[in-house]
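S.K.: Take this structure first; my questions come after.
The values are calculated or read from the model by the stated rules, or taken from the named source; none is laboratory data. Owing to the predicted nature of the structure, the values given are computational and were not obtained by experimental measurement. Because the Cβ atoms are built from the backbone with ideal geometry, glycine has one as well, and the counts that use them run over all protein chains shown.
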Amino acid sequence: MVRHFLSLEDFKPEEILNLLERAENLKTMWRTQRLCPQIMRNRSIALMFEKESTRTRLSFEVAAYQLGGNALFFSPGDSQLKRGESAEDTARILSGMVDVIVTRTGSHQTVMTYAEHATVPVINGLSDAYHPCQLLADLLTMKESIGFIQGAQVAWIGDGNNMCVTWASAASLVGFDLKIATPENYRPNLAELLTQLDDSRVEFVSTANEAAKNADVVVTDTWLSMGQDDSEGNRPKAFQSFQVNDDVMERAASGAIFMHCLPAYRGKEVSASVLDGPQSVVWQEAENRLHAQKALIEKLLA
């Protein structure tokens, strides 16, 4: 049976933890010996991207290469999707020629359509609902940096976007506590998600300082994600008190780390002193996209 990875909920908690352990092993193997299992020999990945990308595209292309295969990148203008060919037909066609499909799109419904009609694994490289590949890298970075995931205290500060929702999903599935601080009008709607998961793990608070208090991990994201409209310029004013800066990080636990999925905008959602400071693990986090996704591809092709 074909397995897809559209959100973290597609895997059981123990599967996520085992995948992270495998990612650690793959990372060590590559860094120390330049070795990687060649599970993609004579296999290909199709990257169907509607949105710009640096880390997602790069990490999947390099992952395919290190695993012995190759990746084929399609921007919106590179396929017949531009002329109106349906996602259903595209999924069927790709399934006959490649072994994995990675989508990066606006609507999560598009990701679900690919999965419904594909006969090979479909991976959500980003949608308006979730960014599960990023969370695999983030959890791997937590494990490496603070030594544990389960029982950790995590603060999400900023926009209640797809990253925030995916962090909430991870907290409920894997077992850490998440405090979310967003402006009142920018809170995510987690009602449906948390009816299926453990809602005791997620709490909304009013201020950045309250969220960061005793946190092991402090996380943020850009205040304006791709595709969001802020033509009236309301966001900078609304988010002004939700910047992650030195004062916020001082409220966190001793040894706390700062994470950001990037790209970051110094002086907006995060101060330069935090992003470039000793508590920041954002570059390690970015590299971990590669190793977490190698483990993910291996699992889906097993």
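Yes or no, residue by residue, for (1) within 22 Å of MET142 (Cα to Cα); (2) in a loop (DSSP other than H, G, I, E, B); (3) touching a strand residue (DSSP E or B) at 6+ places or on another chain (Cβ under 8 Å); (4) modelled with pLDDT under 95:
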{"position": "SER231", "(1), (2), (3), (4)": "no, yes, no, yes"}
{"position": "LYS237", "(1), (2), (3), (4)": "no, no, no, yes"}
{"position": "SER241", "(1), (2), (3), (4)": "no, no, no, no"}
{"position": "MET249", "(1), (2), (3), (4)": "yes, no, yes, no"}
{"position": "SER254", "(1), (2), (3), (4)": "yes, yes, no, no"}
{"position": "MET259", "(1), (2), (3), (4)": "yes, no, yes, no"}
{"position": "PRO263", "(1), (2), (3), (4)": "yes, yes, no, no"}
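S.K.: Now, a different point. Please determine whether any residue of region 154-161 is assigned to a helix (DSSP H, G or I) and in contact with a Cys (Cβ under 9 Å, 6 or more places away or on another chain).
M.R.: No, region 154-161 contains no residue that is assigned to a helix (DSSP H, G or I) and in contact with a Cys (Cβ under 9 Å, 6 or more places away or on another chain).
S.K.: Just checking, does region 193-206 include any residue being part of a helix (DSSP H, G or I) and closer than 24 Å to LEU224 by Cβ?
M.R.: Yes; the residues of region 193-206 include at least one that is part of a helix (DSSP H, G or I) and closer than 24 Å to LEU224 by Cβ.
S.K.: So which of LEU290, LEU300, LEU275, LEU296 ends up being touching a Pro at 6+ places or on another chain (Cβ under 8 Å), crowded, with 17+ Cβ neighbours inside 10 Å and hydrophobic (A, V, I, L, M, F, W, C)?
M.R.: LEU300
S.K.: Would you call GLY106 on the phi > 0 side of the Ramachandran plot, surrounded by fewer than 21 Cβ atoms within 10 Å (Cβ to Cβ) and either within 16 Å of the chain's Cα centre (by Cα) or not assigned by TED's automatic domain parsing to the domain that holds ALA71 (or both)?
M.R.: Spelling it out, it is not the case that GLY106 is on the phi > 0 side of the Ramachandran plot, surrounded by fewer than 21 Cβ atoms within 10 Å (Cβ to Cβ) and either within 16 Å of the chain's Cα centre (by Cα) or not assigned by TED's automatic domain parsing to the domain that holds ALA71 (or both).
S.K.: Does MET259 meet the test of being farther than 29 Å from GLY125 by Cα and buried (at least 18 other Cβ atoms within 10 Å of the Cβ)?
M.R.: no
Quick grid of which residues meet (1) among the small types (Gly, Ala, Ser); (2) at negative phi; (3) part of a helix (DSSP H, G or I):
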| residue | (1), (2), (3) |
| --- | --- |
| PHE73 | no, yes, no |
| GLY77 | yes, yes, yes |
| GLU88 | no, yes, yes |
| ALA91 | yes, yes, yes |
| MET97 | no, yes, no |
| MET112 | no, yes, yes |
| VAL120 | no, yes, no |
| GLY125 | yes, yes, no |
